[in-house]
1. In degrees from 0 to 90, rounded to the nearest 10, what is the angle of the helix A:8-18 Cα long axis to the longest principal axis of chain A?
2. Under the rule a/c < 1.5 gives rounded, and otherwise a/b versus b/c splits prolate from oblate, where does chain B land using the Cα gyration tensor?
3. In whole percent, what relative contact order does the stretch B:199-269 give with Cα contacts below 8 Å and a gap of six or more residues?
4. For B:ARG28 and B:SER510, calculate 0.36 nm times their separation in residues minus their Cα-Cα distance, and state this gained length in nm to one decimal.
5. If each of A:GLN100 and A:HIS20 carries a label point 7 Å out from its Cα toward its Cβ, how far apart are those two points in nm?
6. I'd like the FRET efficiency for A:ARG55 and B:ALA135, computed as 1/(1 + (r/R0)^6) with the beta carbon distance as r and R0 of 51 Å, rounded to 0.05.
7. Placing +1 at every Lys and Arg Cβ and -1 at every Asp and Glu Cβ, with all other atoms neutral, what dipole size does the stretch B:182-298 have around its Cα centre, in debye to the nearest 20?
8. Provide a whole-number value for the mean count of partner chain Cβ atoms within 10 Å of the Cβ atoms in peptide A:76-84.
Amino acid sequence: MSQSHWNPQRVQTLIEGERHQPGALLPVLHAIQNDLGYVPPDSLPLIAEALNLSRAEVHGVVSFYHHFRDTPPGRHTLEICRAESCQAMGSRRLENHARQRLGVGYHQTSPDGEISLEPVYCLGNCACSPSVRIGDKVYGDMDSDKLDQLMDELTTQAVEVR
Amino acid sequence: MTVRVFVPLDTSACARGAEELALALQTRCGDDIELVRNGSRGLFWLEPMVEVETTQGRIAYGPVKVEDLDGLLEAGLLQGGEHPLQLGLTEEIPYLKQQQRLTFARVGVIDPVSVEDYKANGGFVGLQSALGKTAQQLVDEVKESGLRGRGGAAFPTGIKWQTVLDADPGDKAQKYIVCNADEGDSGTYADRMLMEGDPLSLVEGMAIAGLAVGATQGYIYLREEYPQAHKILNAAIAAAEKANYLGDNIQDSGKAFYLEVRLGAKAYICGEETSLLESLEGKRGMVRAKPPLPAIVGLFGQPTVVNNVISLATVPTIISKGPEFYRDYGMGRSRGTLPFQLAGNIKQAGLVELAFGTTLRQLLFNFGDGTRTGKPMRAVQVGGPLGAYLPESQWDTPLDYEAFIELDAVLGHGGVVAFDDSVDMSEQARFSMEFCVEESCGKCTPCRIGSTRGVEVIDRIRQGENAEDNKALLRDLCDTMVHGSLCAMGGMTPFPVLSALNHFSEDFESNPGEAS
Ligand SMILES: Cc1cc2nc3c(=O)[nH]c(=O)nc-3n(C[C@H](O)[C@H](O)[C@H](O)COP(=O)(O)O)c2cc1C
Ligand code: SF4
Ligand code: FES
Ligand code: FES
């Protein structure tokens, strides 16, 4: 997948929208990732310059936080909760199932580019463990069958869109 | 006549289908109903729970699926009619009735973003009266209430506020109120429920905190994992601004308070208050050495109150009902109530706000009704990923900060995660170390390297390699982490590890080939 597909103009506008506030770096990074799905490494000089930081500082921040990614995600991101409450309800089985079905590990994207798999440590849905998140929606009481169904729905949708 | 019908918009209620249900109900009933999207009452096995307002009070139904709607409407749902899913008057459901809901009094009851609804249920009484009091009076009332921070460390809130009130803000003349809404602990969701179900109580608490210490700017540092709470908080802040409870002249008092939500980016350590402040400043979440305390040198170097969501949202109750009212609940030095959160393998998972002093067993069985799988319960982790695993012999301990410390355990933020007898406690211990590897800020060697070594040593124990020597090594390692770490991440990871080793030693006998 090409990583130079981002538009510097667009990024500049996003930076401009957030830079005039105290502690603007995280809001800037969120704005970029919300829009592009990731923070392109080549955009770091633009960010650094706008916020009067060094490139190393910006890179340090991007790499510190698990949320920010430096490569484009798949069409969908599936986050599986790995934390204790979900463990108590079978999340380890669920993770294995997802890895097998997608043929990838955490922080990777399925070969068809459909689903990126990410770990998450608690979604606050512990009363309905195990939990997963896709986009802004959280799903609970998961098992392998339900997860398969969810992934089927995602990939069918994608076909229709094409 | 239109009937008021409630369908929660809470994340967990939606995870169980509340969104689809609300849509279907609205489509079917149209103008016959006024659909209110409330927070959750916190009885999650009954979600989605639909409530209907009747002359007798609100009648609940649950768990309701879209397929149930036809039958329910036929049975007279909108009049509170009889149906197998009918639960009776909501307030009379034993799980709810046996609680002492002070901080959560309005959660699930009101429309979370309606100032009108909030005020009709006792909202903004505290702020209104705070506007007529001196800063010192407000700090004194919080001190007298006995409130201790609900984020985990249980530090007296009034004393923290006094430090900030007394601190000199220097030339910049700015102090800050920062709400810690990072809620990273597994098994906890009280902050989320409150922000989704009664966000205005947090807004009000923060505004009162501002008046009490002389701060005009507030930030809510919210974890990225809570998109629904994010939306609702922003809507609530906009509503409060419009009604003049935030802004440059609150209720024409001449006093100002501004509030903004900032998003985290998935880092457990950013729940630690100094790491959180670094993050708010736009930096990596590296823990700062204390002193100086954030109360004196906090956000952007200025005096700053950092408090948990529940601590701040409890303040309006203290100010409106009086410190004695709150202090009269609880035991020993643990005053008031704590919203416990039942999670993991438990049949009736949910939010249980209780005065301190009842036992863990009551929580697990009277409220929780045992495990969801129906197998015997074996271990319970209290207080998040840095909290100890308690075996059955400790379940009669009263829920009290000091009683838990005596067990080398913590109440923390009130999360209670139950496990049945299929749990492998050496695997849990391994995870605690692995989590520390994953989430350490990296500043101290014992935390950063110690946890990596910890994973390796536990793997060796699990494989039966020099098990006894390696257990001794693990204890040494834990000791180094406890004593050589700057913050509780490295300093408390040994709690779950050692509790597993001490109370469930049979799981650390060799089981070759099973190490993952
Ligand atoms: C590793 C770590 C994670 C923490 N996470 C949280 C958190 O998610 N939420 C929270 O309120 N406090 C958290 N704390 C506690 C805070 O450092 C701090 O004590 C708290 O925000 C103070 O507010 P309170 O006095 O109202 O509890 C954490 C502490 C540590 C060491
Ligand atoms: S104990 Fe761990 S998380 Fe805490 S300051 Fe040290 S390295 Fe950072
Ligand atoms: S531990 Fe998985 S949602 Fe909380
Ligand atoms: S910085 Fe080296 S041990 Fe803390």
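Quick note: the coordinates plus some simple rules give every number you see, no bench work behind them. This one's a predicted model, so the numbers in the text were calculated from it and none came from an experiment. Don't worry about glycine lacking a Cβ; one is built from the backbone with ideal geometry, like all the others, and counts go over all protein chains shown.
1. That helix lies at roughly 90 degrees to the long axis.
2. Values: a/c = 1.95, a/b = 1.17, b/c = 1.66.
Oblate is the answer for chain B, as a/c is 1.5 or above yet b/c matches or exceeds a/b.
3. Working: 83 pairs, mean separation 28.9, N = 71.
Reported as a whole number, the value is 41 percent.
4. On the way: separation 482, 0.36 × 482 = 173.52 nm, distance 6.02 nm.
Stretched out fully, the B:ARG28 to B:SER510 stretch lengthens by 167.5 nm.
5. 5.6
6. Working: r = 44 Å, r/R0 = 0.87.
The calculated FRET efficiency here is 0.70.
7. Details: 11 positive and 17 negative charges, 60 e Å.
The calculated dipole for the stretch B:182-298 is roughly 280 debye.
8. Working: counts 0, 0, 0, 2, 0, 2, 5, 11, 18.
Whole-number average of other-chain Cβ neighbours for A:76-84 is 4.
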